[in-house]
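The values are calculated or read from the model by the stated rules, or taken from the named source; none is laboratory data. Keep in mind the model is a prediction, meaning the values are calculated, not measured. Cβ atoms come from the backbone with ideal geometry, glycine included; neighbour counts cover every protein chain shown. Side chains included, ligands, DNA and RNA excluded: accessible areas come from the protein's heavy atoms. Shrake-Rupley method; radii C 1.70, N 1.55, O 1.52, S 1.80 Å.
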Amino acid sequence: MPHIIQLFFHRFGRPGVECYCQHESGAAVIQLQFLINEGALVSALADDTLHLWNLRQKRPAILHSLKFNRERITFCHLPFQSKWLYVGTERGNIHIVNVESFTLSGYVIMWNKAIELSSKSHPGPIVHISDNPMDEGKLLIGFESGTVVLWDLKSKKADYRYTHDEAIHSVAWHHEGKQFICSHSDGTLTIWNVKSPTKPFQTITPH
């Protein structure tokens, strides 16, 4: 009997579960992305499938599904009020899904073009994707190895590349879009000025 993954939603201010969804597979849920103000949700599973849920109806249901056959999904990002879902993979590539048709676009950010000559080896899986809070055309891409790339979606090339010796666990923007912070496997935090890729603006080592 397949293991059923359940998603529970709770509306704050009211007791109990608002609704729940079930994936009829044994694959674990690795990430969830709400379509804000759309009554919809994208779920990414460990079996490399994406599902689009309709949450507006009494019993939530899957509207569309998309299976990745050649690459493993590691991270997803859906910008606010965007129809484009960015899907990062274990190979270090980023594919872009149109959430309206739930089909792949022809735009792919390949790992070797993203890092170019900043590293002689593969940068590892994608562990972070986010758009600059002040410029949705700039995408921050974090690779597990410690490399971060600021990608210009329009020109289809990297503006800046940032490298650190330790693996990246997470990345977050400052709200002004001029700095971002990375957490690393050795416990350090590095703060970077966007236009100064040579070295971190600050390195913090909590005890």
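Among the residues of segment 32-41, write down those that are surrounded by fewer than 16 Cβ atoms within 10 Å (Cβ to Cβ) and in a strand (DSSP E or B). Full working, then the answer.
The first filter runs over segment 32-41 and keeps only residues surrounded by fewer than 16 Cβ atoms within 10 Å (Cβ to Cβ), leaving 32, 34, 36-39.
Correct list: L32, F34.
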When you scan segment 105-196 for strands (runs of 3 or more DSSP E) that lie fully inside it, which ones turn up with 1 or more residues that are aromatic (F, W, Y)?
135-143, 147-152, 157-163, 168-173, 179-184, 189-193
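E176 - would you say it is over 24 Å from M110 (Cα atoms), open to solvent by 40 Å² or more (accessible area, probe 1.4 Å), touching a residue at least 12 places away in the same chain (Cβ under 8 Å) and charged (D, E, K, R)? I'd like the intermediate steps shown before the answer.
Numbers: over 24 Å from M110 (Cα atoms): yes; open to solvent by 40 Å² or more (accessible area, probe 1.4 Å): yes; touching a residue at least 12 places away in the same chain (Cβ under 8 Å): yes; charged (D, E, K, R): yes.
Yes: the conditions hold for E176.
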Taking segment 76-123, which residues are hydrophobic (A, V, I, L, M, F, W, C), open to solvent by 70 Å² or more (accessible area, probe 1.4 Å) and under 25 Å from W53 (Cβ atoms)?
F80, W84, L104
Reported set for segment 157-166 where residues are under 15 Å from P200 (Cβ atoms) and surrounded by fewer than 17 Cβ atoms within 10 Å (Cβ to Cβ) is D165, E166
Return the pairs, sorted by first residue and then second, in which the second residue is modelled with pLDDT of 95 or more and open to solvent by 70 Å² or more (accessible area, probe 1.4 Å), the first residue lies in segment 60-73 and is assigned to a loop (DSSP other than H, G, I, E, B), the beta carbons are less than 8 Å apart, and the residues are 6+ apart or on different chains.
E71/E90; E71/R91; R72/E90; R72/R91
Whether any residue in segment 133-147 is loosely packed, with under 13 Cβ neighbours inside 10 Å and in contact with a strand residue (DSSP E or B) (Cβ under 6 Å, 6 or more places away or on another chain) is what I want to check.
no
